[in-house]
Amino acid sequence: MRIGLDLPTDLTPSVETAWVHTADWLGLFGVTIGGQRGAECVRAGALSTTTSTIRLAVQLRIGADNPVTLAEEVSIVDNLSNGRVIVLADISSLDTSAAREDVGVLRQALSNRPIQHHGKRWTIPAGLEGHDAPEAVIASPPPTQIAVPIWLVGFEADSSWDDGVSQVVTDPAGIDAGQFVQVGRTPLTGDLNLDRQVVRQWAAAGTTHLLVAPPAAWEPADLAIVARHLVPEVAMVAFPHVIVSAPEPLPWPTDSAATVHR
Amino acid sequence: MQFGIGLWTLQSTVSSPRHHARAYRELVEDAIKAESLGFDSLWLSEHHFFYDGYCPALLPAASAALAATTKLRLATGMLLAPLQDPERITNAAYEVGRRFDGRLDLGVGLGYRDVEFDGKGVHRKARVPLEIALLDSLIRYEGRHYNVWLGAQTEIGVRRAGARGLPILLSAALPVSFVRALVAAHETAWIDAGRPGGSKPRVSALRNCWVTSNQAEREVALNWYRASYIVYAGLGWGVTAGDGHSEMDFAHDVEVAIDGVAETVVVGEPDEIEDAMRVVADAGVDHVVLRIGIEGAEQIRIHQSMERFAAHVVPRLADVACAAVAQSSLANPTEHAS
């Protein structure tokens, strides 16, 4: 099971950047990025430049915006980050039927296929009178990834979303170990033994990707606890704690590079 | 006089095919290069649903380039107003502005492609009121940290900008004689409206110019400039007839239109470029955006031309006065929504 970072959406840019850079450096699989409507992909765009491997799980509120517009922004960030975007689609403002339509259009736009959609909420292209326009459009550029993962949040329990869309659950009981990707979301307590139990429980349920929210008292440097203790805990069966109970090696002196090259 | 570079469109064209991810990586590299050479801004451009991935979402791209720089301004030339949700784009602009010390210039335009209006469910007839609504949203946003510009190439358009105290960006396809007329119309409208904002709003102009002493490169650069306008045949762009120039209809008569634009292109030695810049300054332009991101020309070539311009042209123009200073407009915007 891989562990990623679940951040609040109202962080100031400098605080958010510190968390994301630390998580990237420590090798966490992903980090959630949210914000005000319209700010999400701007924030992700900025962080795409200053990170190298971490996945950018962009939380988008589905419903208020044309899904093609959202797909275009997501694709730009995916190209900026060389294929590291995940869409966290917040469908909490929509009923199931509306959510299916919007997420469906979003997926179609991200697929780089022609879009010719006539639904209850959207008609794309609109076919407005007087326009000299084709009967379909293709959202471009395509994302870098083969398929941008779409993970649903804010949904009511519904098992009939297809394989292309995963649901982020907040209870290990909601994990379906038969599915290829299963995503969980949980807060950490800050108590190491408790948090070890939490991640083991999620892993045992069949979770593949767990987003953990840091305790309120943590600073970005405390993510080292996740990297040192929690990631290994679920990276093998029966992780031997002797590995982490030994003291950490000393930090390198700041002028060690000069010493090496003398 | 100050200088920016543009237009970065992030395309993968038939002449310069590349992975889309490389286009975005090179954007960040080019921004870093531009800043190191002293250019004040890098301008992006927007279109939708085109074969080559022409950038449809400018602010995430701008954000990435801003994250890699510390002084360079990122600008939109132009953000297509009718296609934007005002709340969404205003929140995005606010986020960019607050993250990056206000280093965002939002150039806003009407757009012209039916496929884009139709793809976003917007009627072409509504584009002017939609642009006005967006301008109001952008300008009235409390605590904003960005400047707002208008893109225009007609007298009506520049008058609309002047009356609101908005700075303008003019197309590179316009001959200098028409630029002069538009500058005058912009200023007159500003004065007639009671000088909104207090200071005369800035006039920036895209200009096609390439610095080289190499004859072979001169011919190639001219050829690439011509090629860079063929895309507008596919996009359906045009320039209406104006003072001193005939209509340029790229969609229906591309060769004639390109011949018209070719007259505006200056390729040559630093002194030739200097002369061209002085003519533009004399027309009332106080900021030039060098149109050198042409048809996805090789990055190394673009960088070389940038280096030559910075080293051999800019110092020659130190005596050319700049009518309005961009940095001051952050604290005291010259815009005024009427």
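Here are some notes:
- Chain B has equivalent-ellipsoid semi-axes of 27, 23, 22 Å, by the square roots of 5 times the alpha carbon gyration tensor eigenvalues, sorted largest first.
- Theoretical FRET efficiency, 1/(1+(r/R0)^6), r = Cβ-Cβ of residue A:236 and residue A:192, R0 30 Å, to 0.05: 0.95
- For the range A:5-88, the convex hull drawn through the C-alpha positions has a volume of 74 cubic angstrom per residue.
- Annotation: amide H of residue B:150 within the under-5 Å range of B:108, B:168, B:169, sequence separation 5 or more or interchain, hydrogens built in the peptide plane.
- Couplings 3J(HN,Hα) for the range A:119-127, derived from phi with the Karplus relation 6.51 cos²θ - 1.76 cosθ + 1.60 (θ = phi - 60°), are x, 5, 9, 9, 10, 9, x, 6, x Hz, where x marks Gly and Pro.
- Ranked by how many other beta carbons lie within 10 Å on average, peptides B:293-300, B:53-60 from highest: B:53-60, B:293-300
- Quarter of the Cα convex hull surface for the range A:106-233, i.e. its orientation-mean projected area (nm²): 11.5
- Cα-based equivalent ellipsoid of the range B:73-130: semi-axis lengths in Å, sorted from largest, via gyration tensor: 24, 11, 8
- Charged side chains reduced to their Cβ positions (Lys and Arg at +1, Asp and Glu at -1) give chain A a dipole of some 540 debye around its Cα centre.
- Separation of alpha-carbon centers, the range B:36-73 and the range A:193-247, rounded to whole Å: 39
- Inter-probe distance in nm under a simple model that places probes 7 Å from Cα toward Cβ, at residue B:312 and residue B:101: 3.2
- FRET efficiency for the pair residue A:37 and residue B:319, taken as 1/(1 + (r/R0)^6) with r the Cβ-Cβ distance and R0 = 35 Å, rounds to 0.15.
- Sequence ranges A:139-147, A:42-50, ranked by mean other-Cβ count within 10 angstrom, highest first: A:42-50, A:139-147
- Ascending count of other beta-carbon atoms within 10 Å, so fewest first, for A:254, A:170: A:254, A:170
- Two-site FRET efficiency, residue A:146 against residue B:253, from Cβ-Cβ distance with R₀ of 41 Å, rounded to 0.05: 0.45
- For the options A:138, A:33, A:86, a Gaussian network treatment of chain A with springs between C-alpha atoms closer than 10 Å singles out A:138 as fluctuating the most.
- Residue exposure proxy: B:48, B:145, ordered by other Cβ atoms within 10 angstrom of their Cβ from fewest to most, comes out as B:145, B:48.
- Helix A:192-205 axis versus longest C-alpha principal axis of chain A: approximately 40°, rounded to the nearest ten.
- If the segment from residue B:14 to residue B:191 were pulled out straight at 0.36 nm per residue, it would be longer than the present Cα-Cα gap by 59.1 nm.
- Antiparallel DSSP beta bridges within the protein assembly as shown, percent to nearest 5: 10
- In the elastic network of chain A, a GNM with C-alpha springs shorter than 10 Å, the most mobile of A:19, A:252, A:202 is A:252.
- Taking a point 7 Å out from the Cα of residue A:180 in the direction of its Cβ, the residues of the range A:71-106 whose backbone N falls within less than 18 Å of it are A:84-87.
- Relative compactness, the range B:207-312, computed as alpha-carbon Rg over 2.2 N^0.38 Å: 1.10
- Cα centroid separation - the range B:270-300 against the range B:125-156, whole Å: 26
- Near residue A:52: Cβ cut-off under 13 Å, other residues only, Lys/Arg at +1 and Asp/Glu at -1. The net charge is +2.
- Per-residue packing, averaged as other Cβ atoms within 10 Å, sorts the ranges B:146-157, A:236-247, B:302-313 into the order B:146-157, B:302-313, A:236-247, beginning with the highest.
- Simple label model, 7 Å out from Cα along Cβ direction - residue B:156 to residue A:246, nm: 7.8
- From its DSSP helices (H runs of at least four residues, each -39,500 (n - 2.57)), chain B gives a residue-normalised ellipticity at 222 nm of -13000 deg cm²/dmol.
- Measuring nothing but how far apart in sequence close Cα pairs (under 8 Å, 6+ apart) lie, relative to its length, chain A scores a relative contact order of 19 percent.
- Taking B:45, B:15, B:228 as the candidate residues, the one with maximal mean-square fluctuation in a Gaussian network model of chain B, Cα springs under 10 Å, is B:15.
- In the frame of its principal axes, the protein assembly as shown has Cα extents of 80, 71, 48 Å, reported largest first.
- Rounded to the nearest 10 degrees, the angle from helix A:67-80 to the longest Cα principal axis of chain A is 40 degrees.
- Across peptide A:32-43, the mean count of Cβ atoms from other chains lying within 10 Å of each residue's own Cβ comes to 6.
- The angle between the Cα long axis of helix A:13-26 and the longest principal axis of the Cα atoms of chain A comes to about 60 degrees, rounded to the nearest 10.
- Counted by neighbouring Cβ atoms within 10 Å, the residues B:8, A:151 run from fewest to most as A:151, B:8.
- Simple label model, 7 Å out from Cα along Cβ direction - residue B:177 to residue A:116, nm: 4.9
- Computed over the Cα atoms of the range A:183-262, pair by distinct pair, the Kirkwood hydrodynamic radius stands at 14.6 angstrom.
- Across every pair of non-identical alpha carbons in the range B:139-253, the mean reciprocal distance, once inverted, gives a Kirkwood radius of 16.1 Å.
- For the range B:70-228, convex hull of alpha carbons as volume per residue, Å³: 150
- Where N is the number of residues in the range A:53-120, Cα Rg divided by 2.2 N^0.38 Å: 1.11
- Taken residue by residue and averaged, Cβ atoms of other chains lying within 10 Å of the Cβ of B:81-92 number 4.
- Residues of the range B:1-43 with amide N under 14 Å of the 7 Å Cα→Cβ point at residue B:71: B:2-4, B:32-42
- Stretching the chain fully between residue A:95 and residue A:136 yields a gain of 12.1 nm (0.36 nm per residue, less the alpha carbon separation).
- The mean count of C-beta atoms from other chains within 10 Å of the C-beta of residues in B:95-108, rounded to a whole number, is 2.
- Tail beyond 21 Å, pair distance distribution of the range B:1-138 (Cα, percent): 43
- Here the relative contact order of the range A:147-250, from alpha carbon pairs under 8 Å that lie six or more residues apart, stands at 21 percent.
Throughout, read-outs are computed from the coordinates displayed, never taken from laboratory work. Keep in mind that what you see is a predicted model, and the values were worked out from it rather than measured. A quick note on method: Cβ atoms are made from the backbone with ideal geometry, for glycine too, and the neighbour counts reach across all protein chains shown.
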